[in-house]
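Take a look at the structure below.
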There are 6 protein chains.
Amino acid sequence: MPYVNIKITKEGVTSNQKKELIKGVTGLLQDVLGKNPNTTVVVIDEVDTDNWGIAGEQVTVRRSRGE
Amino acid sequence: MPYVNIKITKEGVTSNQKKELIKGVTGLLQDVLGKNPNTTVVVIDEVDTDNWGIAGEQVTVRRSRGE
Amino acid sequence: MPYVNIKITKEGVTSNQKKELIKGVTGLLQDVLGKNPNTTVVVIDEVDTDNWGIAGEQVTVRRSRGE
Amino acid sequence: MPYVNIKITKEGVTSNQKKELIKGVTGLLQDVLGKNPNTTVVVIDEVDTDNWGIAGEQVTVRRSRGE
Amino acid sequence: MPYVNIKITKEGVTSNQKKELIKGVTGLLQDVLGKNPNTTVVVIDEVDTDNWGIAGEQVTVRRSRGE
Amino acid sequence: MPYVNIKITKEGVTSNQKKELIKGVTGLLQDVLGKNPNTTVVVIDEVDTDNWGIAGEQVTVRRSRGE
């Protein structure tokens, strides 16, 4: 029954990586809290780097400096 | 003034269905709690089936098995 | 499988009203989109009126004016 | 370390406007609460007007009436 | 820089279990996507069982039936 | 009509500081995007330091080291 939302920047995450995230988080909730995996929901949001800010700056700007 | 967020998989939801969801949820909050519909906000997020996990699996994978 | 989050101010919502919201939203998603109610998750967040702003003001302040 | 999520309708917001929002919110949290800007995260979600409801209506419908 | 939100019912989760969730999710994002753990943010929301619905029912009601 | 959610750790934020955050964010959205302040919603979530993780650690643990 847990609900997990993972927000990451949209920078070429593959379908297989998403599968690993979903499987990994669901397993973690089962291992740590005994949650039934059948009702664990995971939603991954990929956010455009123009729309993600850290340290007051767009990630797009940071990436252009090689950060 | 309530804020409602509905997350569903992106699988061909029509504009009319979205209208019904918005109207229905807004009406429900008015009926049950007496909330003024004029300031009720509803946001619908349609999530790619690759990015939605249930039971440790991507919905994409489940759909490919006909589930 | 849908996930619905309802945010309202914390102003004496009863357990029965919460039951009606949960039942109503789950039914709406079944009626409009054919979603299986068994996997529809609804989370209600009750927010302190000090922590909710509308029109640049705390709801607490608006309530003190009778709004 | 704060996390701020800004949801707005997808109606031609420019990259420069996003930069201003990110810079402004991060500065506000520093000014009001003394939060270290280096770890303040801001995520902007642009939502299709079909998917945003207010007063029980889609924003798309309101816009078509010139509202 | 990822942001992860874990929502679970408020049913006696210990501080140590929260530590394991935080450590586990942060490690998963490092392993799968190479994300720098220093800027990964995890927020755990514990939700009252009266405020969590599944299958159109409050979790409180389900728990009272031993589910 | 924008919706802004600010998540911060629960560490003695005063009602006046919350007022400043609400006023400041609402004004920012008006200044940058021309959004009508009357329908801008701001929700502040104060999160227990046990429930907030950064760099794989609870904030509670970091605070105990004076960080």
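Other chains near D:28-36: what is the mean number of their Cβ atoms within 10 Å of each residue's Cβ?
5
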### Residue-normalised accessible area of chain E, expressed per residue, 1.4 Å probe, Å²
40 Å²
### Message
Give me the percent of accessible area attributable to carbon and sulfur for chain C, probe 1.4 angstrom.
### Response
43 percent
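By DSSP, what percent of the beta bridges with both residues in chain F are antiparallel, rounded to the nearest 5?
Percent antiparallel among DSSP bridges in chain F is about 20.
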### Query
What total accessible surface area, summed over both chains, is buried at the interface between chains C and B, computed with a 1.4 Å probe and given in Å² to the nearest 100?
2100 Å²
### Summary
Within 10 Å of the Cβ of an average residue in F:11-20, the count of other chain Cβ atoms is 4
### Rounded accessible area of F:Asp31 (nearest 10 Å², 1.4 Å probe)
130 Å²
### Message
Given the rotation relating C and E, tell me which residue in C puts its Cβ closest to the axis and the distance in Å.
### Response
C:Asp45, 5
### Query
How far is B:Val61 from itself in the other copies, in nm, if each label sits 7 Å out from Cα along the Cα-Cβ line, shortest first?
3.0, 3.3, 4.0, 4.0, 5.1
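Hey, got the average number of other protein chain Cβ atoms within 10 angstrom for residues in F:58-66?
So the per-residue partner count for this stretch is 2.
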### Task
Compute the separation of the alpha-carbon centres of chain E and the range D:1-57 and state it in Å as a whole number.
24 Å
### Query
So how tilted is helix A:15-33 from the main axis of chain A? Cα-based, degrees 0 to 90, rounded to 10.
50 degrees
### Task
Provide the solvent-accessible area of E:Ser64, counting protein heavy atoms only and rolling a 1.4 Å probe, rounded to the nearest 10 Å².
90 Å²
### Message
What does DSSP give for the protein assembly as shown in terms of the percent of beta bridges that are antiparallel, rounded to the nearest 5?
### Response
50 percent
### Query
Say R0 is 22 Å: what FRET efficiency, to the nearest 0.05, do D:Glu46 and B:Gln30 get from their beta-carbon distance?
0.20
### Task
Could you rank B:Thr9, B:Thr49 by how accessible they are, 1.4 Å probe, largest area first?
B:Thr49, B:Thr9
### Query
Kirkwood hydrodynamic radius for chain D: how many Å is it when counted over pairs of different Cα atoms?
13.6 Å
### Query
What shape does the protein assembly as shown take by its C-alpha gyration tensor, where a ≥ b ≥ c are the square roots of the eigenvalues and a/c under 1.5 counts as rounded, a/b above b/c as prolate, and the rest as oblate?
rounded
## Note on the structure
From most to least accessible, 1.4 Å probe, no ligand or DNA/RNA atoms counted, C:Lys35, B:Lys7 line up as C:Lys35, B:Lys7
### Task
Could you grab the relative contact order for chain D? Cα pairs under 8 Å, six or more apart, rounded to a whole percent.
43 percent
### Task
Determine how large the accessible area of D:Val61 is when every protein chain is in place; take a 1.4 Å probe and give Å² rounded to the nearest 10.
40 Å²
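The values are calculated or read from the model by the stated rules, or taken from the named source; none is laboratory data. Note that the structure is a prediction, hence the values are computed from the model and not measured. Backbone-built Cβ (ideal geometry, glycine too); neighbour counts: all protein chains shown. Calculation scope for accessible area: heavy atoms of the full protein, side chains included, ligands and nucleic acids excluded. Shrake-Rupley method; radii C 1.70, N 1.55, O 1.52, S 1.80 Å.
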